[in-house]
1. Would you confirm whether any residue within the range 23-32 is within 15 Å of A72 (Cβ to Cβ) and in contact (Cβ under 8 Å) with a residue 40 or more places away in the chain?
2. Tally time: how many residues in the range 70-106 are under 30 Å from P20 (Cβ atoms), assigned to a loop (DSSP other than H, G, I, E, B) and out of contact with any strand residue (DSSP E or B) (no Cβ under 9 Å at 6 or more places or on another chain)?
3. Please indicate, with yes or no, whether at least one residue in the range 51-69 is surrounded by 16 or more Cβ atoms within 10 Å (Cβ to Cβ), part of a helix (DSSP H, G or I) and in contact with a Lys or Arg (Cβ under 8 Å, 6 or more places away or on another chain).
4. Just to check your reading of the model, which residue among L101, L44 is closer than 17 Å to L134 by Cα and over 14 Å from the mean Cα position of the chain (by Cα)?
5. Quickly run through the range 1-39 and pick out the residues that are within 13 Å of the ligand (Cβ to nearest atom), part of a helix (DSSP H, G or I) and in contact with a helix residue (DSSP H, G or I) (Cβ under 7 Å, 6 or more places away or on another chain).
6. Just to be sure I understand the filter: pairs with C-beta atoms under 7 Å, separated by 6 or more residues or on different chains, first member in the range 101-113 and farther than 19 Å from N8 by Cα, second member at pLDDT 95 or above. Which pairs pass?
7. Got a sec? Which of G122, G94, G55 is under 20 Å from P2 (Cα atoms), in contact (Cβ under 8 Å) with a residue 12 or more places away in the chain and more than 16 Å from the ligand (Cβ to nearest atom)?
Amino acid sequence: MPTVFVLNGPNLNLLGKRQPEIYGHETLADVEASCIAKGEDLGLTIRFHQSNHEGEIVETIHRARDEAAAIAINPAAYTHTSVAIMDALLAFEGPIIEVHLSNVHRREEFRSHSWVSKAATGVICGLGSQGYLLALDAIARILAPKSV
Ligand code: CA2
């Protein structure tokens with residue numbers, strides 16, 4: 001089964017514990033459980049990570065080069081600041097789906113710019129935790145062998 005790294009950036013460990021009006025009531029552990037269940041349906045092995053440290057996320061993306069067929073990533077605030085994460089993703093050869101729980105385009109202007117989007121195959125935002133599951137659907141379709 002192909003392995004998919006699902007990566008989460010800073011403060012997402014607080015999901016479900018603060019600001020539920022923006023980010024919902026589910027915890028990151030709930031999102032992980034849903035991703036693992038969805039992965040089982042789709043024939044994907046999910047490796048779920050969260051880090052508050054930019055360098056650790058960069059190193060996890062480097063590991064993905066050998067260990068993962070695809071990446072789904074919510075880089076959180078690093079979306080808007082991190083050229084290092086963008087560069088690491090540009091060195092990854094498989095599909096990359098960028099996910100945001102909130103609709104970043106309806107919020108402060110600075111959230112509309114994403115460095116990560118420059119390396120992403122596709123971007124999903126504003127659909128809450130369902131966005132992670134849609135990202136896995138997209139990855140499964142992209143990775144599936146073409147029938148024609
Ligand atoms: O909408 C998203 O998923 C974001 O990536 C979330 C980031 C934000 O900086 C991005 O602009 C959009 C923030 C993640 C912080 O998550 C928290 C969750 C609960 C309580 C506090 C922070």
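The values are calculated or read from the model by the stated rules, or taken from the named source; none is laboratory data. All values reported here derive from a predicted model rather than from experimental measurement. As a convention, Cβ positions derive from the backbone with ideal geometry for all residues, glycine included, and neighbour counts pool all protein chains shown.
1. Yes: one or more hits.
2. 2
3. No - not one qualifying residue is present in the range 51-69.
4. It is L44.
5. Once the filter is applied, which keeps residues that are within 13 Å of the ligand (Cβ to nearest atom), part of a helix (DSSP H, G or I) and in contact with a helix residue (DSSP H, G or I) (Cβ under 7 Å, 6 or more places away or on another chain), the range 1-39 yields L12, N13, L28, V31.
6. H105/S112; F110/H80
7. Result: G94 is the single residue among G122, G94, G55 that is under 20 Å from P2 (Cα atoms), in contact (Cβ under 8 Å) with a residue 12 or more places away in the chain and more than 16 Å from the ligand (Cβ to nearest atom).
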